[in-house]
Structures are given as C-alpha cells and as structure tokens.
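What follows is a short report on a single structure.
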Amino acid sequence: MFESVALAPPDPILGITEAFNRDQRTTKINLSVGVYKDASGQTPVLPSVKEAEQRLLAAEKTKGYKPIDGDPVYGRAVRELLFGKDSPLVAAGGRAATCHTPGGTGGLRLAADFLATKAGARRIWMSDPTWENHHAIFRAAGFEVEKYGYYSAASHGLDFPALKQSLDQVNAGDVVLLHACCHNPTGVDPTPAQWREIADLLSAKRALPLVDFAYQGFGVGLEEDAESVRILEQNFEELLVCSSFSKNFGLYNERTGALTIKATTPEACAASLSQLKICARVNYSNPPAHGGAIVSAILTDPALRKQWESEVQDMRARIQSMRDAFVSGLAEAGTQQDFSFISRQKGMFSFSGLSKEQVERLKTEFGVYIVGSGRLNVAGMTESNMAALCKAVVSVL
Ligand SMILES: Cc1ncc(COP(=O)(O)O)c(C=O)c1O
C-alpha cells in the first residue's frame with residue numbers, strides 16, 4: 001500500500017528550520033519559525049513556569065486521565081483571561097464553556113470539526129494573508145475557504161476598505177476567522193474602532209466569529225490585546241475563541257491551548273460542549289495535563305501571576321526594542337527605503353515586504369532564513385546578530 005504514497009513537500013515553515021539545521025555556516029540566522037528567543041538567542045523556560053513546575057512536581061499524586069474538556073479550574077482561568085475577571089459572561093456561567101486542547105492548533109482543529117460535523121458550517125473566511133496552517137486545518141475538516149482583504153503592501157498597514165468590501169460578501173452561517181491581535185504574518189491589527197465596525201458588519205450578516213488568540217500580551221498588553229475579543233463578545237450571542245499558551249507562557253512543546261464557546265442559552269452551551277467532547281474523544285481523547293496545570297497554577301496564584309505578567313511584559317519590550325534596532329540598523333547599513341513601519345507592527349513578526357527572490361538570496365548568500373512571504377520573526381533577532389542581519393538584508397534590496 002505504501003509504495004503508491006507520494007512524497008509530501010516539507011512544511012512551509014517548519015521545513016525551513018530543517019534546512020537551517022543542515023546549513024554548516026556558523027553565521028547563519030533563523031528568523032523563520034515563530035518562537036520567542038531571549039537576548040542570548042535561547043528560547044527560555046519562564047521563571048514563573050519553572051516555579052509552577054516545582055510546586056506541581058511536589059504536589060502531584062496521579063497521572064490519571066484528565067476530563068475530556070480538561071479541568072474546570074483551567075477553563076475558568078482561560079475565560080477570565082479572555083473576557084476579563086468581571087465579565088458577566090464569566091461571572092454568570094452557563095453560556096460559555098472551555099475545552100482544554102493540545103495547543104492553539106488543537107483548539108482550531110476541534111473548532112473546525114465541531115463546526116463542520118455538528119453545527120452545519122460549510123464556509124470559512126480568512127484574512128489574505130494568514131497563518132499558513134489555517135488553510136490546511138479548515139480544509140482538512142472539509143471547509144470551503146474564502147479570503148478577505150486585509151493587508152496593503154503599499155501602506156504596510158491594514159487595507160480596511162478591502163476588508164469591509166470582502167466581508168460584505170459573507171453569508172449568514174459563514175464562519176469568519178479573525179486574529180485577536182498580533183496578526184500573523186503581517187503584525188497589523190485593526191484599531192478598537194475598526195473592531196467595532198467589523199463586529200457591526202458581521203453581526204448584520206449573521207456570521208459566526210472564530211477568534212484565533214495566539215499572542216495575548218505580545219501586542220500592547222494582556223488586557224489591551226483582549227479588547228478585540230471583548231468587543232466581539234459584546235456584539236455576538238455566539239462565538240468561538242481559540243487560545244494558545246505556546247508563546248505567552250513559552251509552553252511550545254507542552255501543547256497547551258483552549259477552545260472557548262459562547263452560546264445563546266445555557267442549554268445550547270451544554271449541548272455544544274457535549275458535542276465538542278465527542279469531537280475531542282475521537283481525535284486526541286483528552287488533553288495533555290502538564291501545560292494546563294502550569295497555566296492554572298500561575299493564573300490562580302496572585303504572586304506567580306504577577307511574576308508571569310512581568311515576564312510577558314519583558315518579552316514584549318525586547319521584541320519592540322529589536323524592531324526599533326532593526327529599523328535603525330537597516331538605515332545604518334545604507335538603505336534609503338523607509339522601514340519605520342516595522343516599528344509599528346505588533347507581535348513577533350514583521351512583514352518585511354521582501355520578495356521571494358530576495359528571501360532566496362538571503363538564504364543562499366547569507367544563511368539568513370525567513371519565510372517565503374517575507375515574514376521575519378523579530379523575536380529571533382539579538383544584539384549580536386543584528387548588524388550582520390541588516391547588512392545581509394540591505395545587500396539583497
Ligand atoms: C496565528 C496562530 N494561531 C495558532 C497558532 C498555534 O499555536 P500552537 O503552537 O499553540 O498550536 C500559531 C502558532 O504559531 C499562530 O501563529
């Protein structure tokens with residue numbers, strides 16, 4: 001049977017790291033995969049996470065299975081992070097439920113399976129461009145994928161008229177995927193006023209928002225970044241939010257995420273949760289425990305939480321300082337082009353505007369690895385690789 005299986009191409013992003021690892025040059029720089037690195041180029045375990053792990057190790061009594069939807073304490077902590085501690089939706093309970101999922105990707109796939117097989121959804125709209133895996137995940141679940149306008153290459157900002165024009169084509173019952181903040185790959189987010197307009201437009205169309213929230217705290221702040229989710233929540237009787245704790249807790253390999261649903265009534269919420277559990281059961285059965293336990297331990301302990309909030313702030317500040325250093329480094333390396341838009345983008349990525357050919361030259365001539373779309377992981381830049389990076393980029397402009 002396997003002789004007829006065709007060789008698949010490498011993953012568009014993770015495949016770049018495979019090529020990077022094969023590269024023998026000591027000066028090589030990997031700015032492809034979306035992983036935070038500190039000033040020394042390492043992806044650290046956050047001190048708050050280490051402390052939580054020590055406590056968990058001492059207190060752990062069993063490796064027994066978790067409930068299919070995860071621990072209720074975790075679910076509540078996730079909803080508070082999304083909607084705010086004092087949100088009526090969180091306080092009242094009943095109309096919102098959370099499934100602990102293996103990473104944000106697991107949450108997206110669970111949402112896709114649930115929507116396609118239990119809720120009758122057929123079509124999903126995604127920004128053009130979006131994270132490459134969005135297309136693959138929703139196609140795998142049987143969705144028809146449509147694109148909505150998002151990015152203006154000319155202004156390096158949001159093409160809001162194009163976004164509204166495309167979303168005007170949305171039909172009742174269509175799902176619309178939105179990045180809550182730190183849009184991947186562009187780093188360009190709508191303003192709160194634009195979010196309100198998006199909410200008005202989509203609710204008039206009776207569309208269902210599905211929010212992907214993978215970078216809470218990496219944009220402006222933990223609360224500020226959730227404003228989009230809160231605006232949508234206040235405008236929609238039903239919505240879905242996928243959370244990832246890979247970046248803001250640095251829990252990449254612990255596969256820690258969540259899918260939160262808001263339904264019109266407690267009965268509809270309970271029924272939806274029961275069906276989400278069926279979808280999870282036939283996929284991964286129940287969630288991996290460790291990452292979720294870490295997140296719960298940190299979010300429910302005031303001192304640990306304070307420490308984690310300050311660690312998130314430090315990561316955000318380092319990324320912003322690398323953005324500013326990159327912009328001034330490019331100017332010092334001799335470019336006349338205005339790259340100041342890079343300082344204004346949010347999150348880990350910068351959409352540089354480099355062409356496929358320039359990306360290829362960066363790799364072959366300089367050992368600088370970035371994604372074909374021209375997306376650079378700013379969080380991979382350090383003071384020590386900055387000068388070489390800027391020189392290489394200016395050489396291919
Ligand atoms: C926009 C977006 N959504 C979801 C994810 C998935 O994250 P996780 O590693 O938690 O599955 C990522 C990760 O890069 C992402 O960039």
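Things worth noting here:
- Members of segment 1-30 that are of a type in the set (Val, Ile, Thr) and within 26 Å of the chain's Cα centre (by Cα): ILE13, ILE16, THR17, ILE29
- Criterion applied to SER321, SER350, SER285 was being within 23 Å of the chain's Cα centre (by Cα), of a type in the set (Gly, Ala, Ser), farther than 21 Å from GLU53 by Cα and not in a helix (DSSP H, G or I), and the one residue passing it is SER350.
- Within segment 122-143, the residues that satisfy the criterion of being assigned to a helix (DSSP H, G or I) and not polar (S, T, N, Q) are GLU132, HIS134, HIS135, ALA136, ILE137, PHE138, ARG139, ALA140.
- Any hit, segment 37-53, residues being acidic (Asp, Glu), surrounded by fewer than 17 Cβ atoms within 10 Å (Cβ to Cβ) and touching a Lys or Arg at 6+ places or on another chain (Cβ under 9 Å): yes
- Just one of the listed residues (ALA154, ALA162, ALA119) is out of contact with any Pro (no Cβ under 8 Å at 6 or more places or on another chain) and assigned to a helix (DSSP H, G or I), and it is ALA162.
- The residues in segment 18-41 that are within 14 Å of the ligand (Cβ to nearest atom) and at pLDDT below 90 can be counted, and the count is 2.
- Any pair with Cβ under 7 angstrom, 6 or more apart, that starts in segment 252-268 at a residue that is modelled with pLDDT of 95 or more and ends at one that is among the acidic types (Asp, Glu) and away from the ligand (no atom under 16 Å from the Cβ): LYS262/GLU233; LYS262/GLU238; ALA263/GLU238; THR264/GLU237; THR264/GLU238
- Here GLY187 passes the criteria (1) at negative phi; (2) crowded, with 23+ Cβ neighbours inside 10 Å except the one numbered (1).
- In a residue-by-residue description of segment 197-208, the property of being within 26 Å of SER350 (Cβ to Cβ) and touching a residue at least 40 places away in the same chain (Cβ under 8 Å) applies to no position.
- Scanning segment 222-247 for residues that are closer than 18 Å to VAL312 by Cβ and in contact with a Phe, Trp or Tyr (Cβ under 8 Å, 6 or more places away or on another chain) returns ASP225, ALA226, GLU227, SER228, VAL229, SER243, SER244, SER246, LYS247.
- Qualifying residue in segment 226-241 (condition: in the same structural domain as VAL295 (by TED's automatic domain parsing), within 13 Å of the ligand (Cβ to nearest atom) and not β-branched (Val, Ile, Thr)): no
- Among (1) modelled with pLDDT of 95 or more; (2) out of contact with any Gly (no Cβ under 9 Å at 6 or more places or on another chain); (3) surrounded by fewer than 17 Cβ atoms within 10 Å (Cβ to Cβ), the one test that ILE137 misses: (3)
- Beta carbons closer than 7 Å, at least 6 apart along the sequence or on distinct chains, pair a first residue in segment 182-194 that is without any contact (Cβ under 8 Å) to a residue 40 or more places away in the chain with a second that is part of a helix (DSSP H, G or I) for PRO190/ILE198; PRO192/GLU227; PRO192/ILE231; GLN194/PHE160.
- Inclusion of ASP212 among residues that are touching a Cys at 6+ places or on another chain (Cβ under 8 Å), assigned to a loop (DSSP other than H, G, I, E, B), touching a residue at least 12 places away in the same chain (Cβ under 8 Å) and acidic (Asp, Glu) is not warranted.
- On inspection, ARG55 does not qualify as in contact with a Leu (Cβ under 9 Å, 6 or more places away or on another chain), basic (Lys, Arg) and in the same structural domain as GLY93 (by TED's automatic domain parsing).
- The single condition from (1) more than 30 Å from ALA119 (Cβ to Cβ); (2) crowded, with 21+ Cβ neighbours inside 10 Å that PRO302 fails is (2).
- Condition check for LYS363: assigned by TED's automatic domain parsing to the domain that holds VAL312 and not in a helix (DSSP H, G or I): no
- Single condition TYR369 does not satisfy, out of (1) modelled with pLDDT under 95; (2) closer than 23 Å to ASN133 by Cα: (1)
- Of the helices (runs of 4 or more DSSP H) that lie entirely inside segment 1-91, those containing 2 or more residues that are in contact (Cβ under 8 Å) with a residue 40 or more places away in the chain and touching an Asp or Glu at 6+ places or on another chain (Cβ under 9 Å) span 47-59, 72-83.
- Top-ranked residue in segment 242-267 [being in a strand (DSSP E or B) and away from the ligand (no atom under 12 Å from the Cβ); ranked as surrounded by the most Cβ atoms within 10 Å (Cβ to Cβ)]: THR260
The values are calculated or read from the model by the stated rules, or taken from the named source; none is laboratory data. Remember, predicted model here, so these are calculated numbers, not experimental data. So basically every Cβ, Gly included, is an ideal-geometry build from the backbone, and we count neighbours across all protein chains shown.
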